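Everything on this sheet refers to the single structure shown next.
Read-outs: derived from the displayed coordinates by stated rules, not from any lab. Everything numeric here is computed off the predicted structure, so don't read it as measured data. Cβ atoms come from the backbone with ideal geometry, glycine included; neighbour counts cover every protein chain shown.
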């Protein structure tokens, strides 16, 4: 594939010289991959206006490769990410927090891809004090391995504990890095986030000098395979984003698979979203499972996935994967657990099969970037943001508005007790 024409531009060379964060320079001193802070990607999409880019969950190498090729073709800034459940200490994927940046860097250099890319640790989940203590070791190790952006997700906890855990862990995130916070665990139509809940979290962070680039909400969507067509609640999202305008926080849309293209266009047009996560659809495409226009995997009358012959993995390997899933008692939503045991088998297929796996992702992501998300030609805007700052560190979008004296631990607990929120049902809603 031909390299992006931006590679020869003086602006790209300047951005390459100053725009790569210190951890990336140390890891890849001779690289020509423009791996940047998540802040850079957010600013580029803001500059474009009414636009968001894909945050592609790279559950396997073929997803990462296809998404990067699509971004280069669209000349779009992009985010590659992996979530804690996918690539943390108890992962179900071989791609993880500690090797994602290495794969991104290698592919960009191999293919001459020069669009700016952030490497994001998504849903770094905090469910209690034990997770907080583990994070104090693990988060620095992830930045050592090339992460340039992170989502501290304590949304599983009550609102006061969510805020306090986020405050406790924020010193572990380099000030130059992209930072995402989350309010309301992603549960579909149950436990929807509210304006007051989002304001509580963002105001409390602001009082402590923490200025998130993104906030993720439970705005009506789900992780994994969407079981209904209720999907993203656009008016609710717009209402919450509008309330957060003084704090200059962009939206991060989780669970994008399962929503129609028109609904996603509305999210880009009508809200302040700049980051849209896509995970399950990309995995299914690499395997050759038929997906509908929403990116939802298609099931036959028996509830089995529909495999398209001649797409994705070979039919023989797919039969082995299905047999393994049945032997393990894996239902449709648990097929994600096939990633790790079949990682090497995926790489051991013929070249033409591996290429069609990548091509399927490339075509799907390119269509999203160009025809749905309005992200075409945002790569130069990211370069422009770096050059304007003259640094890899763009600084925060907002300043401190809130009075720290009003957001002590005691007052945080008092304020949280007065919130009227519905957290929805209990259960395991991890991606």
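Observations
- Cβ-derived FRET efficiency at R0 45 Å, residue 265 paired with residue 144, nearest 0.05: 0.70
- In this simple spin-label approximation, residue 306 and residue 419 carry label points 7 Å from Cα along the Cα→Cβ vector, and these lie 4.2 nm apart.
- Between residue 387 and residue 324, the distance separating the two model label sites (each 7 Å from Cα on the Cα→Cβ line) works out to 4.8 nm.
- Peptides 35-48, 376-389, 292-305 ranked from most to least packed give 35-48, 376-389, 292-305, packing being the mean of other C-beta atoms within 10 angstrom over each peptide's residues.
- Value of relative contact order over the chain, rounded to a whole percent, pairs C-alpha under 8 Å and six or more apart: 24 percent
- Cα→Cβ-extended label distance, 7 Å offset, between residue 352 and residue 397, nm: 4.7 nm
- Shape category assigned to the chain from the gyration tensor of Cα positions, a/c cut at 1.5: oblate
- FRET efficiency, 1/(1 + (r/R0)^6) with R0 56 Å, evaluated for residue 377 and residue 344 via beta carbons: 0.90
- Volume in Å³ per residue [convex hull over Cα atoms, computed for the stretch 93-145]: 88 Å³
- Counting only DSSP beta bridges whose two residues both lie in the chain, roughly 10 percent are antiparallel.
- Chain lengthening between residue 242 and residue 337 when straightened (0.36 nm per residue, less Cα-Cα): 30.4 nm
- The Cα atoms of the stretch 295-428 give a gyration tensor whose axes a ≥ b ≥ c have a/c of 1.5 or more with a/b no greater than b/c, which makes the shape oblate.
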